[in-house]
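See below for the structure under consideration.
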Amino acid sequence: MARLGFVYNVERCNGCFSCFLACKDEFTGNDHLPTAAATCEGVNLKKVNEIEYGTDNKVKVDYTHSICQQCGNPPCMNKFPDQISKRKDGIVIIDPMKAKGMKEIVDSCPYGAIVWNEKANLPQKCTMCAHMLDAGEKTTRCSECCPNQAQLFGDLDDPKSEIAIYVKEHAPELEQLHPEYGTQPNVYYRNLPKPFICGEVICGDTGECLKGAKVTCVCDSCGKKSETATDFLGDFEFRFLPINETFTVTAEAPGYKAAVYSAKTHGSVNLGEIVLAKV
């Protein structure tokens, strides 16, 4: 028995929207019964979200994907068992006939992945291109068209599949959305946007950027320590930090006095110019 799922590597996505457009092309105006009725303009089964974060001149832009999580314990199905079912391969399907006129189904998804098609009078969501898989295809339209291999699709329970191997190799870096919901989602995300701490180290005597300065970042609560060196512009950054934690950042270089800063990750923190005084 298969358990189909997705992995999205946020760092590889450049926001080209190819996956979004492929999904639109596959479903807009096209019935794929019995798993999906045609969508119409304004109905998006998949969304690509532009996330901008950081401050001042240190800003990053990432793209995250909102889509049905194909839950192992789907709250939508639990609430509407006559209209929604889960296939043996794990794909959750809203019956296009039985769900007709039931707008209340939209609110049953805690991820907001079910949308309302006013024209068809129907709740709809991603079906993982079940009609393609049933016809013998091995992947989804959105996955096959990604130019940067930012998303993987496959059987999470097949230890020889590309996606299962990827999940095993990168397990510490992967996240699922809102595990506290208890929905057992079959969609994983790698490198979701997180706070970062950055700055620029300057020589106090010359005013020049200090390349190769040692910068350490220590979490005050858990003691975890990270270390890096400034680049030729004196810049440094520590990425993927937990939110609402306090960190002690120390910049040091031979011949200069160390500078120590405290930073709390309510969001990303730009420490700006860190000037090291000559010893």
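The values are calculated or read from the model by the stated rules, or taken from the named source; none is laboratory data. What you see is a predicted model, and the numbers here were worked out from it, not measured in a lab. Don't worry about glycine lacking a Cβ; one is built from the backbone with ideal geometry, like all the others, and counts go over all protein chains shown.
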*Is it the case that the stretch 41-61 has a residue that's surrounded by 12 or more Cβ atoms within 10 Å (Cβ to Cβ) and over 25 Å from the mean Cα position of the chain (by Cα)?*
no
*Residue in the stretch 141-167 that is nearest to ALA22 (Cα to Cα), counting only those that are among the aliphatic types (A, V, I, L, M) and assigned to a loop (DSSP other than H, G, I, E, B)*: ALA150
*asked:* Can you list residue pairs whose Cβ atoms sit under 9 Å apart, with the first residue in the stretch 166-178 being surrounded by 10 or more Cβ atoms within 10 Å (Cβ to Cβ) and the second being part of a helix (DSSP H, G or I)? Count only pairs 6 or more apart in sequence or on different chains.
replied: LEU174/TYR166; LEU174/VAL167
*Which one is surrounded by the fewest Cβ atoms within 10 Å (Cβ to Cβ) among residues in the stretch 119-139 that are under 16 Å from ASN44 (Cα atoms) and free of Cβ contacts under 8 Å to residues at least 40 places away in the same chain?*
ASN121
*Odd one out for LEU33, checked against (1) within 27 Å of LEU156 (Cα to Cα); (2) surrounded by 13 or more Cβ atoms within 10 Å (Cβ to Cβ); (3) in contact (Cβ under 8 Å) with a residue 40 or more places away in the chain*: (2)
_the stretch 209-233, residues that are touching a residue at least 24 places away in the same chain (Cβ under 8 Å), among the small types (Gly, Ala, Ser) and surrounded by 14 or more Cβ atoms within 10 Å (Cβ to Cβ)_ = ALA213
*So ASN121 clears everything in (1) out of contact with any helix residue (DSSP H, G or I) (no Cβ under 7 Å at 6 or more places or on another chain); (2) under 19 Å from HIS178 (Cα atoms) except one condition, right? Which one?*
(2)
*Sort out which residues of the stretch 194-208 are surrounded by 21 or more Cβ atoms within 10 Å (Cβ to Cβ) and not in a strand (DSSP E or B), and write them in order of number.*
PRO195
*Give the residue, chosen from MET128, MET97, that is assigned to a loop (DSSP other than H, G, I, E, B) and under 18 Å from the mean Cα position of the chain (by Cα).*
MET128
*Out of all the residues in the stretch 200-227, which are farther than 17 Å from TYR256 by Cα and not hydrophobic (A, V, I, L, M, F, W, C)?*
ASP220, SER221, GLY223, LYS224, LYS225, SER226, GLU227
*Out of the residues in the stretch 226-235 that are assigned to a loop (DSSP other than H, G, I, E, B) and among the hydrophobic types (A, V, I, L, M, F, W, C), which is nearest to PHE196 (Cα to Cα)?*
LEU233
_I want to confirm something. Restricting to the stretch 236-275 and keeping residues that are part of a strand (DSSP E or B), of a type in the set (A, V, I, L, M) and surrounded by fewer than 19 Cβ atoms within 10 Å (Cβ to Cβ), which single residue is nearest to the chain's Cα centre (by Cα)?_
VAL260
*If you check THR28 against the conditions, is it at pLDDT below 95 and surrounded by fewer than 18 Cβ atoms within 10 Å (Cβ to Cβ)?*
no
*For the stretch 249-267, which residues satisfy the criterion of being β-branched (Val, Ile, Thr), under 17 Å from ASP231 (Cα atoms) and in contact (Cβ under 8 Å) with a residue 40 or more places away in the chain?*
VAL249
_If I ask for residues that are out of contact with any Ser or Thr (no Cβ under 8 Å at 6 or more places or on another chain) and modelled with pLDDT of 95 or more, which ones from the stretch 149-164 would you list?_
ALA150, LEU156, ASP157, ASP158, PRO159, LYS160, SER161, GLU162, ILE163, ALA164
*Members of the stretch 58-94 that are in a loop (DSSP other than H, G, I, E, B), touching a strand residue (DSSP E or B) at 6+ places or on another chain (Cβ under 8 Å) and without any contact (Cβ under 8 Å) to a residue 40 or more places away in the chain*: GLN83
